[in-house]
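Report on the following structure.
The values are calculated or read from the model by the stated rules, or taken from the named source; none is laboratory data. Treat the numbers as computed from the prediction; the structure is a model and nothing was measured. Every residue, glycine as well, gets a Cβ built from its backbone with ideal geometry; the counts of neighbours run over all protein chains shown. Only protein heavy atoms, including side chains, enter the accessible area calculation; ligands, DNA and RNA are left aside. Shrake-Rupley method; radii C 1.70, N 1.55, O 1.52, S 1.80 Å.
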Amino acid sequence: MNIVLVGGGHAHLKCLLDIRKNKFPFPDQNILVISPNQYQYYSGMFSGYTEGLYSEDEIRIDLKDMAEKAGVTFTEDIVTEVSVCDKTLMTKAGASIPFSVVSFDTGSYIEGPSSFEEYMVQIKPNYLFADMLKVYRDVDFPVVVGGGASGVEIALAITAWRKKNGYPTNVKLITSSKLLSSSSSKTSKVIKEIAVGKGLTVIEDDSVEEMNESHVITQNGRSLPHSQVLWLTGPSSPDIFKRSTLPCDQNGFLLTEKTLQAKGLPFIFGAGDCITLESFPDLPKNGVYAVRQAELLWKNITSYLNGEVCSTFSPQRHFLSLLSTGNKEALLQYGRFTIHSKLAWKLKNKIDTDYMQKYI
């Protein structure tokens, strides 16, 4: 039988390291990794790449190479359906893959309104990011929609790149609430002051009502020229879980126990942005928790196969947040403490580059 890892997110990368480090204890099991691309791109360095601080090779991990070093089979394909009854995965290429255990770490998607699709730039799945941003950062009228961390970081990175390369700093960022609305009101105010000070036009408490080939019309009546729109609103779930009638939350994310096992289906595991923990339904979908889950996932898969009790995941209450703001500066937040400085960016750069070094 097979242990199948679907996707190459933080937790599955750690699984491959664990498999490579320790002798595999199940000789009657094959291990497969299935992902739509040979490379896994690290979103923590997307803003730095956009600004021109990192090369493409510096922000991606070679999944195929990692799998081979761990003695694991890598397949470039997309899993389209899960049959729970006969424990089989179906893929886009037409393969039917039996499994004893399957784990999903596919990340989330960003899904804008279908009526705007022809005018939007999509950067997820993550392997689309590098080529898209390389083209988008020098368009005539860049418009970014989304006031969360990814929208703010990318809009500021495009602004910094344009300023350094002699392009007009005419980036517009539209958000239906305040910037970083899930943070404190103080943080929202601080990041807006930083963004405006760096030349980014911020449009808060407004949303996109209409879009045509040349302009965005907002709910409050603004008409903004655009050269396609970079849509970076909140995460959407992969449709595989609903389509396969797996346990899901109301938004279609795989619903799991604290052991990272799907509710009622202990042979199905999940981690990262594609899951919702039933005990922590409002937990933000970000890399901090995905990295913490990575420490647990392979341990629990092996415990399950050995008939042992699986460990439980408990998210930390506070975590360090570092948001790049361009020009090698970053906003650091920890609890109520906030500071914006070049030193904060150096810390972010060290954390990110140290993380990538583990997978080379």
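Structure summary
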{"read-out": "Search result, residues across segment 136-164 that are in a loop (DSSP other than H, G, I, E, B), touching a residue at least 40 places away in the same chain (Cβ under 8 Å) and over 25 Å from G221 (Cα atoms)", "value": "R137"}
{"read-out": "Boolean, T353 is surrounded by fewer than 16 Cβ atoms within 10 Å (Cβ to Cβ), touching a Lys or Arg at 6+ places or on another chain (Cβ under 9 Å), farther than 16 Å from I194 by Cα and at pLDDT 95 or above", "value": "no"}
{"read-out": "Selected residue [within 23 Å of V82 (Cβ to Cβ) and without any contact (Cβ under 8 Å) to a residue 60 or more places away in the chain] from P315, P281", "value": "P281"}
{"read-out": "Qualifying residue in segment 22-36 (condition: surrounded by fewer than 22 Cβ atoms within 10 Å (Cβ to Cβ) and under 17 Å from the mean Cα position of the chain (by Cα))", "value": "yes"}
{"read-out": "Test result for Q261, of a type outside the set (K, R), open to solvent by 10 Å² or more (accessible area, probe 1.4 Å), in contact with a Phe, Trp or Tyr (Cβ under 8 Å, 6 or more places away or on another chain) and modelled with pLDDT under 95", "value": "no"}
{"read-out": "Some residue of segment 43-57 being of a type in the set (F, W, Y) and open to solvent by less than 20 Å² (accessible area, probe 1.4 Å)", "value": "yes"}
{"read-out": "Which listed residue, of L283, L331, is modelled with pLDDT of 95 or more and at negative phi", "value": "L331"}
{"read-out": "Answer residue from segment 122-132, given it is without any contact (Cβ under 8 Å) to a residue 40 or more places away in the chain and aliphatic (A, V, I, L, M) and is most open to solvent (accessible area, probe 1.4 Å) among those", "value": "M132"}
{"read-out": "Meets criteria (within 26 Å of S188 (Cα to Cα) and polar (S, T, N, Q)) for Q293", "value": "no"}
{"read-out": "Condition check for W345: over 30 Å from S100 (Cα atoms), in a helix (DSSP H, G or I) and either among the aromatic types (F, W, Y) or modelled with pLDDT of 95 or more (or both)", "value": "yes"}
{"read-out": "Options R336, R292: the member that is among the basic types (K, R), surrounded by fewer than 18 Cβ atoms within 10 Å (Cβ to Cβ) and over 15 Å from the mean Cα position of the chain (by Cα)", "value": "R336"}
{"read-out": "Considering residues of segment 161-180 that are under 25 Å from the mean Cα position of the chain (by Cα) and open to solvent by 70 Å² or more (accessible area, probe 1.4 Å) only, the residue nearest to S227 (Cα to Cα)", "value": "S176"}
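Conditions tested, residue by residue: (1) in contact (Cβ under 8 Å) with a residue 24 or more places away in the chain; (2) of a type outside the set (S, T, N, Q).
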| residue | (1), (2) |
| --- | --- |
| S47 | yes, no |
| Y54 | no, yes |
| T75 | yes, no |
| F104 | yes, yes |
| S108 | yes, no |
| S114 | no, no |
| K134 | no, yes |
